[in-house]
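Colleague: Sharing a structure below in structure tokens format, with a few things to ask.
The values are calculated or read from the model by the stated rules, or taken from the named source; none is laboratory data. Since we're looking at a predicted model, the values are computed, not measured. When we count neighbours, we look across all protein chains shown, and the Cβ atoms used for this are built from the backbone with ideal geometry, even at glycine. These area figures cover heavy atoms from the full protein model, side chains too; ligands, DNA and RNA do not enter into them. Shrake-Rupley method; radii C 1.70, N 1.55, O 1.52, S 1.80 Å.
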Amino acid sequence: MKKDTLIMSFESSCDETSVAVIKNGNEILSNIIATQIKSHQRFGGVVPEVASRHHVEEITHCINLALEEAKVGYQDLDAVAVTYGPGLVGSLLIGIMAAKTVAFAHNLPLIKVNHLAGHIYSANIVTDLQYPFMSLLVSGGHTEIVLVTAPGVFQTLGDTRDDAVGEAYDKIGRILGINYPAGKKVDQMAAIGKDTFDFPRAMVQEDNLDFSFSGLKSAFINRVHHADQVHEELNKNDLAASFQGAVLDILSNKTFKALKQHPVKQLIVGGGVSANQGLRKRLAQEIKERNLDMELVFPPLRLCGDNAAMIGAMAQIQYDKGDFADLDLNADPSLDF
Amino acid sequence: MKILAFDTSNKPLSVAVVDDGKVLAHIESTEKKTHSVSLLPDIKKGLEQSNLTVDDIDLIAVAKGPGSYTGVRIAVTVAKVLADTLNKKLVGVSSLKLLATNGDKKHLLVPLMDARNDNAFAGVYVNNRDGRLLTVISDHHTSMKNLFETLEQYESQELEFINATPRLAELIQNHFPKASIISTEDSLPDAAKLSKIAETTPAVKDIDNFIPTYLRLTQAEHDWYAKGNKEDKNVSYVEEV
């Protein structure tokens, strides 16, 4: 019988300090997440220097909790994994320095993990992945359609040309008086409101699989500003529903265009915006209407946002390939596939 | 006692392995390299040169700031994780106090770090009879103008400014023409000296809460407080979820 593999993984690319212990890439023994949301809410968004400071405050506590909750010691670990990009450089560095130190101190192999790959492989914790599969990656920093052809082999089919989808939610959220992160609240308001404003669906007519959200965001802001000038009262729920309606049309249009070009058996949705209930319903409904024989996989809510468990899930694939990093590993803030 | 000491507070990097005062390895770099890349390989190299493993180390000594925010975070993160993961003693030493070891033992020592716009991080230190550094004025962030006003009371003593950039040296010369000045190039931090200070510094009791000494709020926090906001003691700004 194959021996179990235990990986301790670190994630600190933005405003969550997370340390996990993952068994065989698909079983969470622990997944400690310390979130800084309440700190950054004071400033209306993530402040990089504040984020880095919090990571240093949290790091050893998270490591010890991760071991404690997993009921393992350093001697039980087979490798240490860490997110090395993309993300905020000052934030990434804390996880990287911590992971390198643990790897060095306990003579364990080090695995450098792409944060985006981690989001995709969070699905490995809830299902058996069947290659090739399609993934839609939607978060505050990313909006991508990625075809995964074999374990750890990624092909980006579409990307955003301007704002990430989660970023657009935060920006229009500010106009609606919602503090960052605005996605959840806008999603709730959208469920009540109606899509009455007819905001533009950018690039849906174009053949490519790229996204654009800045036009939608501008149309939203202009509409609200115009109403303010003429003292017109707009229904905020309808505004939210109209914004989300456009977002879902864009995401769904491009995703199914990609699926038509590359028919696969699984669609994996990852990243913070995959927690969006409207998106979950919409994709499920489209698959049904199109009669597609395809499994739709959303990670459980706890694995949608940034977390180290997903980094451990991806790291297992690299571990199996012997893809290890050295102690001179540095952050790569603009890393892509 | 075997000590592993390191400083990455500013551009230079210094790593030393010292056993009961004997320097076993000493790695210095002033080249513009990235500390995040070099620090662990240099620690590894230092231990290899000393024929020691990291398990043999009794105490980790780190320069905890002030300095470049990213620089001090790199060293402090490595030091606290290393001490915590291997259950070693940890000592944090002021990065300015470490620079004060580069001064003349008879002088009143003012180690500085240029914080731009004629501001600096500075402290005032003096050596006692045993050659131990004592704090006269704690490390703080200050305008050079205010620093000079503070120092006027000590004008009868021989002042020595350490780690002055050309701009700070010019300001110092204008104000205290008789003071000695050691330039940035001539006052590199030395981790071997850091280990010596660490020998007589109490160990960190709570490693989880050991953080760099920044001496400055972030701009965002500064602006937030300036608007009249107050920290809410009932809110935990970082929480486990």
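Colleague: Under the Karplus relation 6.51 cos²θ - 1.76 cosθ + 1.60, θ = phi - 60°, what is the ordered set of whole-Hz ³J(HN,Hα) values for the stretch A:247-259, x standing for Gly and Pro?
Modeller: Per-residue couplings from phi come out as 4, 5, 4, 5, 4, 5, 4, 5, 5, 6, 4, 5, 5 Hz.
Colleague: Here's something else I'd like to know. In whole percent, and with a 1.4 Å probe on the protein chains, what portion of the accessible area of the stretch A:130-298 is carbon and sulfur?
Modeller: Whole-percent figure for carbon plus sulfur exposure: 49.
Colleague: If you count the DSSP beta bridges with both ends in the stretch A:130-298, what percent of them are antiparallel, to the nearest 5? Mind dumping the intermediate values first?
Modeller: Working: 12 of 20 bridges.
Antiparallel bridges: around 60 percent, rounded to the nearest 5.
Colleague: Okay, moving on. What does DSSP give for the stretch B:103-186 in terms of the percent of beta bridges that are antiparallel, rounded to the nearest 5? Let's see the in-between values first.
Modeller: Values: 12 of 20 bridges.
Counting only bridges with both partners in the stretch B:103-186, antiparallel ones make up about 60 percent.
Colleague: Would you tell me the mean number of C-beta atoms belonging to other protein chains that fall within 10 Å of each C-beta in B:232-240, as a whole number?
Modeller: Partner Cβ neighbours, averaged per residue: 6.
Colleague: Which residue, chosen from A:Tyr180, A:Thr160, A:Gln130, occupies the Cα position most advanced towards the positive end of the dipole of the stretch A:115-187, where the dipole is computed from +1 (Lys, Arg) and -1 (Asp, Glu) charges on Cβ about the Cα centre?
Modeller: A:Tyr180
Colleague: So, one more: Quick check on my link table: of B:Lys11/B:Lys44; A:Lys257/A:Lys321; A:Lys23/A:Lys112; A:Lys38/A:Lys254; A:Lys112/B:Lys205; A:Lys23/A:Lys288, which ones sit more than 24 Å apart, alpha carbon to alpha carbon?
Modeller: Table pairs above 24 Å Cα-Cα are A:Lys257/A:Lys321; A:Lys38/A:Lys254; A:Lys112/B:Lys205; A:Lys23/A:Lys288.
Colleague: Treating the beta-carbon of each Lys and Arg as +1 and of each Asp and Glu as -1, no other charges, what is the dipole magnitude of the stretch A:130-298 about its Cα centre, to the nearest 20 debye? Write down the numbers at each step before the final one.
Modeller: Details: 19 positive and 21 negative charges, 76 e Å.
In total the dipole reaches around 360 debye.
Colleague: Roughly how many debye, to the nearest 20, is the charge dipole of chain A about its Cα centre, given +1 on each Lys and Arg Cβ, -1 on each Asp and Glu Cβ, and no other charges?
Modeller: Its charge dipole is roughly 560 debye.
Colleague: Could you quote the convex hull projected area for the stretch A:130-189, Cα atoms only and averaged over all directions, in nm²?
Modeller: Averaged projected area of the stretch A:130-189's Cα convex hull equals 5.0 nm².
Colleague: Let me ask something else about it. Looking at the square roots a ≥ b ≥ c of the eigenvalues of the Cα gyration tensor of the protein assembly as shown, which shape do they give, rounded for a/c under 1.5, prolate if a/b is larger than b/c, or oblate?
Modeller: It is oblate, given that a/c is not under 1.5 and a/b is not larger than b/c.
Colleague: Moving on. Keeping every protein chain present and rolling a 1.4 Å probe, give me the accessible area per residue for the protein assembly as shown in Å².
Modeller: I get 42 Å² per residue for the protein assembly as shown.
Colleague: So what J values fall out for the stretch B:112-118 if you push phi through Karplus, 6.51 cos²θ - 1.76 cosθ + 1.60 with θ = phi - 60°, rounded to Hz, Gly and Pro as x?
Modeller: Result, ordered by residue: 9, 9, 5, 10, 6, 6, 6 Hz.
Colleague: In Å and whole numbers, how far do the C-alpha atoms of the stretch B:97-152 stretch along each principal axis, longest first?
Modeller: Computed over the Cα atoms, the extents are 37, 21, 16 Å.
Colleague: When the helices in the protein assembly as shown are scored as -39500 (n - 2.57) per DSSP H run of 4 or longer and the sum is shared across all residues, what 222 nm value do you end up with, to the nearest 500 deg cm²/dmol?
Modeller: That calculation yields -12000 deg cm²/dmol at 222 nm.
Colleague: When the solvent-accessible surface of protein heavy atoms is calculated with a 1.4 angstrom probe, in what order do A:Tyr169, B:Tyr237 fall, highest first?
Modeller: Result of the area sort, largest leading: B:Tyr237, A:Tyr169.
Colleague: Which one of B:Leu159, B:Thr135, B:Met113 has its Cα pushed farthest toward the positive end of the charge dipole of the stretch B:103-186, where Lys and Arg give +1 and Asp and Glu give -1 at the Cβ?
Modeller: Checked the options; the winner is B:Thr135.
Colleague: Right, something else. Can you order the peptides A:69-77, B:70-78 by their average number of other Cβ atoms within 10 Å per residue, highest first?
Modeller: In decreasing order of mean packing, A:69-77, B:70-78 become B:70-78, A:69-77.
Colleague: Further question on the same structure: So, by mean Cβ neighbours within 10 angstrom, what's the order for B:200-207, A:232-239, A:101-108, A:174-181 with the highest one leading?
Modeller: My ranking of the peptides, most packed first, is A:101-108, A:174-181, A:232-239, B:200-207.
Colleague: Suppose a student asked you for the relative contact order of chain A, using Cα pairs under 8 Å spaced at least 6 residues apart; what percent would you report?
Modeller: 25 percent
Colleague: When only Cα pairs under 8 Å and 6 or more residues apart are kept, what is the percent relative contact order across the stretch B:103-186? Intermediate values should be presented prior to the final figure.
Modeller: Details: 144 pairs, mean separation 24.8, N = 84.
Normalised by residue count, the contact order of the stretch B:103-186 is 30 percent.
Colleague: So, with +1 on the Cβ of K and R and -1 on the Cβ of D and E, and no other charges, what is the size of the charge dipole of the protein assembly as shown about its Cα centre, to the nearest 20 debye?
Modeller: Computed charge dipole of the protein assembly as shown: roughly 380 debye.
Colleague: Given the convex hull over the Cα atoms of chain B, what projected area results after averaging over all orientations, in nm²?
Modeller: Its average projected convex-hull area is 15.2 nm².
Colleague: Right, something else. At the nearest 100 Å², what buried accessible area, both sides summed, do you get for A and B when the probe is 1.4 Å? Could you put the intermediate results ahead of the total?
Modeller: Details: alone 14690 and 13350 Å², together 24350 Å².
Buried surface at the A/B interface: approximately 3700 Å².
Colleague: I'd like the mean, over residues of B:34-44, of how many other protein chain beta carbons sit within 10 Å of each residue's own Cβ.
Modeller: Mean partner shielding for this stretch: 5.
Colleague: Here's a follow-up. Report, by chain and number, residues whose modeled amide H sits under 5 Å from the one on A:Leu29, excluding near sequence neighbours (fewer than 5 apart, same chain).
Modeller: A:Val21, A:Ile22, A:Lys23
Colleague: As I understand it, the dipole of the protein assembly as shown uses +1 on the Cβ of Lys and Arg and -1 on the Cβ of Asp and Glu, about the Cα centre. Which of A:Ala103, A:Gly270, B:Leu194 lies farthest toward its positive end?
Modeller: In the protein assembly as shown, that residue is A:Gly270.
Colleague: Could you tell me the relative contact order of the stretch A:1-73? Use alpha-carbon pairs under 8 Å, at least six residues apart, and round to a whole percent.
Modeller: 29 percent
Colleague: Per-residue Cβ counts within 10 Å, from other chains only, averaged over B:78-90: what number is that? Could the numbers behind the result be given before it?
Modeller: Working: counts 6, 2, 6, 13, 6, 3, 9, 11, 5, 0, 1, 0, 0.
Across B:78-90, the average partner-chain Cβ count within 10 Å equals 5.
Colleague: Sequence-distant or interchain residues sharing an amide H contact under 5 Å with B:Phe161, placed H: which?
Modeller: Result for B:Phe161 returns B:Val110, B:Ser180, B:Ile181, B:Ile182.
Colleague: Considering the Cα positions of the stretch B:48-151, please state its Rg to one decimal place and its Dmax as a whole number of Å.
Modeller: Spelled out, the Cα radius of gyration and Dmax of the stretch B:48-151 are 16.3, 50 Å.
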